[in-house]
Structures are given as structure tokens and as C-alpha cells.
Amino acid sequence: MKKLLIYFSAFAILSLYFILTVFILPSEFLMTEQLVPEPYFAATISENNITLGDSFRFDIVSVNNGDYADIHIVSVAFPDLTMVDDVVKINTYDFTLSPSYIHVGEEIGSNYSGGVETTFSQYPSIEAMSRPLKPDVQTHFDLLITPKESGIFNIYVKSIGIPHTSDLSHYPYSGFLDHQNEYVSVYSVSVNP
Amino acid sequence: MTISTSKPSETFLKSRSQFIFLIGSILTSLGILLVTVGGSWDITNHLLSKPETFSSPPHALMYSGVAVTLFGVVLSFVGWKNLQKFRTSYFLSLKIKLIGIGLLTGAGPFDFVWHSYFGLDGLLSPPHFTLITGMFLCSIGGMVGISRYLKFHNSKPVSKYLLILAVIPVWLSASGIISSLSLPFSSTDFFQFNPEPTFAFIVASLAYPFLISFSLFTVFRLSNYQFGLVSILGGLFLLIYSSTAIVPNFAMLDTVQFYSLNLIPFVIADVFLKLNRSKLSLFFTGGLIGSVFYMVYYPYVMYTYNEVLLGKLVSPSLIYFVYFELIQTVLLYTLIPSIVMGVLAVVVSDKITKKILIN
């Protein structure tokens, strides 16, 4: 009789264990709010008009205004170049990971999917990354750019927070779409011959 | 009157040789335990992108573990050399430990050379696999040594608790081998060592349930069916895993309560084995233990199943979301195979423990 009671209790506890771990707790946890990082940046150009051969500074200050970000990315792309070469030099950089240089034709993530959806890059870019980035922490990414051709020199800048859980997890929120089908802010400098 | 020509130290070594061998085996197992705990902690730090330095706490734990293991193997050798009896019986343990320590210590310079040529490596790489294989062999050697000593000395029930220390490193290092062959953490700039997702799915679904059941039944049989060891071993595994894989990630802290529930099947298994040791009861318990592998290997096992079932990007704060999103689907696919593997482990552990004890 005592044995039977122990067996009965054991099976009851086991059933409760499976119900809790497979059904109840998973739904509870899935209902908790996900972290929403909110990246933001401000970029300044030292000169809007330069003469060919001269350089200008491009300074970016980025911040995470939302929740803790597992990864905070600032991407700077150069649609008028085929190679970054010695046109772009990094002056200041305080992200936690080394900058990553993306070359033309490289497979890259798209649609804010973090690499699940991919495309091929059409122009070079430099990605600055911090893993993780706490809220309200500023990061700096300053470039010295010396265009080699006259005309309009464009720079695309965007910032993405991962987990990308909302439309607030990228900046800018709208505007021009780049080769990754992600929004960018466009900055231009006129390079006079 | 006879005059002994041997020195006092030699006499001491000879009279205490079995005990020295036991201490060597304990240190070997303890060393591997430290390496596996450090290794699991290190994986978490990598996922969280915490700064990697030569002397980071997980690394320090791993190096100390290797040093303790090395000392344990040397001590085992000294003990074995001076054995007056059971020399052949203890040789198997020593042999396995020597091969293991050879691989373990060789993996260090191999890893250095690998890093010099190919930069950072992932979880699965030739030097890492050498290291994990060495750890596994050393832990097996330690387990055989401790088990045989306890058997030859008809140890008191209290000394059977040493078997926990003997089996837990085997469980953890074998988990390391399975993780290397199933987790997608091995892609680097030079090599793509990530296992093929379907292969990884199969490996995880079969090997983890087998290993849990095998480890628990091995400690149960080696201890001559002592009640409580299954619960303690299972509980210790959960404690180590939660403190190295869950607690360091602040986003997962709340899920410790979910993870701690996994003690229930271990305690129930212990109770079942205490009440009834018929074949049916053993198989039922093995199947039960095998079936909970997805919960016991929370959180990282999710990465393997995510590759095939969801394909989501999983950043550290999303780990438990994806894990819980997958739990029912994974159980649907793996419940029957995991039960079968749990039962199979009961049979295999019976054969292996007999081999360990009958010699």
C-alpha cells in the first residue's frame, strides 16, 4: 500500500513536471517582453565642399537609447567606391570589436535579419560593432576621408541593434534603402577639381 | 632476524601504493571536472562576447584542471609502479589515463600552433577535439581507478560518494564531445567546421539521452545500487550547467527556476530504482531519463535544433525565447528516439560496469 502511494505520488509529480516544463513555463516565458535596443547616431562632416586631394573628417557618435543590446552596429558605406583602400582612414574608434571591412561581392545579411537573409554587397563598407552595448553608452567612430575623384562623394550610414525586435531597433527608421534593403542616412561632400 | 634493505620511503610507497593510486585517480577526475567546468563557462563567455584573455577566470580554471590532472596521472603511475597486488587490475585505468594525458597536454601546443596559423578557432577544431578526447579518456581512467579501488576494499557506503566525482567528469567531457559534433559554433574565417545541421540534429537527439541515462545508471551500478547517488549526480550536473551556462547570462537568470525543475526526474528515477530493480523498472527509468534531455541540456542544445527547425538569428538575450519556441516541436521529433536511447544506455551501462568491476 505504501509502495503504491509512493508510485502514485511519483507519477503525479512527473506529470506536473512535464506539464510545467513543456507547456506552462514556456508560454509564460514567451509572453515576457523582449529587449528592444534603440540605436541612434549623429554624424558631422567637417567640410561640405573640398578640393580634390584634400581630406575631410566624418565623425559619428552613436548611442543605444533603448534596452541592453546584444550587438550594436554602425555601418558606414561608400557607394561611389569599389575599394576603401587609402581613401578612408579610421581616426577614432571605441567599439568593443575590431572594425570589419566589407568588400564588393561579399555575402552580407539583409532586411535586418542578422544574416538569416542574405545578399551580395554592391559597394564597400566598414562595420563597427560593440558586443554588448548597455543603454545610454556612447560610441565613437571617426573617419578621415580623402576622395580620389571629383564630383559628389556619398556616404551611407545606419545603425542596427540586435536583437532586432522592433522598428525602433534600427536607425534611421525610414528614407533611402541601401543594397541590404535597410534604411540609411545619406551624407554628401562636393569634391571640386 | 632479517634486516630489511629497502628505504623507509620505498616501504611507505609499497604499503600505501593502492591508496596512492586512488588519490591519483581522484585528482585525475577532479582535474577533468575543473577543465570541463572552465570549458562550459568559457563557451558562455564567448557567446556573450566577454573579453578573451589568457588569464580569464574560465581559462585559469581550465589550466589548473590540466595541472591537477597531470599530477593525478603521475601519482597514479607512482602508485601503480609500487603495487604489490592488483597490478593487472589497475593497469587498465593507468593505460587509459596515460593516453588521455598525452592527448590533453599535447593539445596545448597543438592549439597554439593552430591559432598562430589560422587565428581563432571555433568549438570544433583538431586541437580542441584532441583536448576533449584527452579529457574524456582521463575521466574514464579516473572512474575505472576509483571504482576498482572501492570494489577491492569493500568500501563503506559513505565512500561510495566518491563515485559521483568519478562519473561527473565522464558525463561532462562526453557532453563536450557531443556538443562539438552538434552545436553550430565552429565556423571561422579559415574553416567551416560547423556540423551539417541534419547530422547535428541526429547526433544530439540520440547521444544526449544515451549519455544522461548511461551516466546515471553507471553510478547506480558501480555503487552497488546505493540510493541517493542518482539524485546527487543529476543535481550536481544541473548545478554545474546552470552556474556556467545560465547564470553568467543576465538575460537568462529568470529561467533558473525552469532549469532547477529538472531535478525532479532524477529524484523520481532514484526512487523508482530504490523501489523496484526489475528489468521493466530499469528500462522505464532509463527511458524517462533519456526523454528529458532537451530540458537538461538547456540552453545550448537549442542552437542545434534551431538550425534545422527555425533558422533564426539567436543573440544572447533571445536564447530562451527561441528555446521555448522550439520545445514542443523538438519533443515531438525526439521523444521516441530519446526514450529508446535511454533504454539502450541501461543495457550498455550494465555491460560496461560489469567490465569495470569484474577484473
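Just so you know, all these numbers are worked out from the coordinates, no wet-lab data involved. For clarity, every value in this text was computed on a predicted model and none was experimentally measured. In this analysis, Cβ positions are derived from the backbone assuming ideal geometry, glycine residues included, and neighbour counts consider all displayed protein chains.
At a glance:
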| item | result |
| --- | --- |
| Cα lying deepest toward the dipole's positive end in chain A, options A:Ile50, A:Gln34, A:Ile71, charges on Cβ | A:Gln34 |
| Residue exposure sequence - B:Val301, B:Val347, B:Val322 - by fewest surrounding Cβ within 10 Å | B:Val347, B:Val322, B:Val301 |
| Set B:Lys95/B:Lys355; A:Lys134/B:Lys312; B:Lys279/B:Lys351; A:Lys2/B:Lys274; B:Lys156/B:Lys279; A:Lys89/A:Lys148 screened for pairs whose C-alpha atoms are more than 20 Å apart | A:Lys134/B:Lys312; B:Lys156/B:Lys279 |
| For region B:17-32, Karplus couplings with θ = phi - 60° (6.51, -1.76, 1.60), whole Hz, Gly/Pro x | 4, 5, 5, 4, 4, 4, 4, x, 5, 4, 5, 4, 5, 4, x, 5 |
| Burial ordering of A:Phe58, B:Phe86, B:Phe266, fewest other beta-carbon atoms within 10 Å first | B:Phe86, A:Phe58, B:Phe266 |
| Options B:Asn306, B:Ile289, B:Phe191, ranked by Cα towards positive dipole end of chain B, top entry (Cβ charges) | B:Ile289 |
| Other-chain or far-sequence residues with amide H under 5 Å of B:Thr188's (modelled H) | B:Phe193 |
| Integer Hz, Karplus 6.51/-1.76/1.60 couplings in order for region A:151-159, x for Gly and Pro | x, 8, 9, 9, 9, 9, 10, 8, 9 |
| Furthest towards positive pole of dipole, B:Tyr259, A:Asn192, A:Ser174, structure part the protein assembly as shown, Cβ charges | B:Tyr259 |
| Cβ-placed point charges (K, R +1; D, E -1), dipole of the protein assembly as shown about Cα centre in debye, nearest 20 | 5100 debye |
| Cβ-derived FRET efficiency at R0 25 Å, A:Ser185 paired with A:Asp94, nearest 0.05 | 0.75 |
| ³J(HN,Hα) computed for each position of region B:118-134 - Karplus, 6.51 cos²θ - 1.76 cosθ + 1.60, integer Hz, glycine/proline x | 10, x, 5, 10, x, 5, 9, 8, x, x, 5, 5, 4, 4, 5, 5, x |
| Within chain B: Cβ-based charge dipole about Cα centre, in debye rounded to nearest 20 (Lys, Arg +1; Asp, Glu -1) | 2060 debye |
| Shielding by partners, peptide A:18-28 (average Cβ within 10 angstrom, other chains) | 5 |
| Ascending count of other beta-carbon atoms within 10 Å, so fewest first, for B:Ile178, B:Ile168 | B:Ile178, B:Ile168 |
| Net +/- balance of residues flanking A:Leu35 in space, Cβ distance below 11 Å, scoring K and R +1, D and E -1 | -4 |
